[in-house]
Amino acid sequence: MKNKLLALWAAFGLVATVHAVEINDNISINGFIDGSWTDTDKSTGDENDLDIDEVELNFIVNAGNVSGEIHIDDNDAGTDLGNIEQAHFTYTMDNGLSVTLGRFGSALGFEGEDPAGLYTFSRAYDDRADHDGDPLTAITDTGLYNLGNTDVLAVEGLSFGYSADAFTITLSAVNEIETLEEQGANNDDLDLEVAITYTGIENLVIGAGIHSREGLTADQDIDVTNLHAAYSMDKLMVAGEYVNVDTQAVDRSAYLILADYDVNDKLGVAARYSQWESLADGTELDRVTIAPNYAITESLGAILEYSSTETAAGADEDQLALELTFTF
C-alpha cells in the first residue's frame, strides 16, 4: 500500500522518486526493468509477444538548493539504447518558487510516466489511425491523450513552479512537439503549459491544466485540457480523468474511471473503464480493463491484465498480458 501511495504522488508530480539507492549525500540512483508477455486477439488475427518493454536508469543529484535528474531510457516506443529521456535541473528558493531548465515531461495527466507508476499494464487510451502527413494525426501515436507518457511526449524548455501547503502551480514554456509537416520548418513559437495540483483536502489530490501547442498556422494550433483527481480511503483508491483536444477543425475528448483495491499487503486489484475519440476521424473507442497485481517482493511486482477494446469501426481487440516490473 505504501508503494502505491508513493507511486500515486509521483504521478501527480508531488515527489521526484519512489525508490532510490543513495550513493552519497548528493547522488542517488533508481530505475526499473519492465518485461511482459501478451496474447492479443484482433480482427486481423492473433499475436503473441514476449518482450523487454523498457529499461530505465535515473541519476538524482542534490547540491544545496539545486537538484538535477538524468533519465537514461530504452523502450519499445522506438528510441535507441541509451536515449536521454529526461535531463533537467531545478533551483528551488526558500519562498516556494522554483525554476527548472532542461528536458522533462508534462506536469499534466493521471497515468504515470513509467510502468512503475501505473496501476495497469496498458494505458487508458490509444489510436489506430494512419498518419498520412496530416498535421493532427501525424502526432496521434505520440498520445496527446496520454500526457504523462514521457517516452513519447518529453519536451525541452523552461518551467517555473510555486509550491504552498495546499497547492502547486507550474508554468512551462517548451519547444514545440513537431508534426511530420513541421519537421524542418522554421517555427519559433513555443508551446505553453499551465498545471495546478490541489491537496488541501485529506486523501484527495486534484490536478488540472492546459497545454497549448502552436502550429505553423492557426488551424494547426492544438489546446489539450486535462482534469484528474484521486481519492484514497483505507484500502480503496478511486480516480477519474477527463482530457479534451481542441483544434479549429475538431474537438475530441477522452475520460477514464479507475479503482484500485488492496486485498492485503501483497495482492491488489485494479479495474478501469476508459473511452476516447480517435483524433483522426472521431471514431469512439471503449476499453474495459481488469488487472490484479501482486508484490512478489518489495522490488518485484507482477500485473496480470485482461483488457477488451471495442470500436464502432469493428476493430475490436482482446488482450491478455502478464507484466513483471523490477524497481530499484
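No lab work stands behind these numbers, since they all come straight from the coordinates. Being a predicted model, the structure only gives us computed values, none of them experimental. Cβ atoms come from the backbone with ideal geometry, glycine included; neighbour counts cover every protein chain shown.
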Point-to-point label distance, M93-E284, nm (Cα→Cβ direction, 7 Å offset): 4.9 nm
For 264-270, 253-259, 114-120, ranked highest to lowest by mean beta-carbon neighbours within 10 Å, the order is 114-120, 253-259, 264-270
Length gained when the stretch A63-I29 is fully extended (0.36 nm per residue, less Cα-Cα span): 10.7 nm
Cβ density ranking, 10 Å radius, fewest first, applied to M237, M93 yields M93, M237
Placed amide H near D221: partners under 5 Å, 5+ positions off or other chain: G215, Q248
E111 neighbourhood, Cβ < 9 Å, K/R = +1, D/E = -1, net charge -1
Per-residue counts of other Cβ atoms within 10 Å, averaged by peptide: what ranking do you get for 144-156, 57-69, 272-284, highest first? 144-156, 272-284, 57-69
For the stretch 22-69 and the stretch 253-328, compute the distance between their C-alpha centroids and round to whole Å. 18 Å
What ranking of R252, R123 emerges when the number of other C-beta atoms within 10 Å of each C-beta is taken as an exposure proxy, fewest first? R123, R252
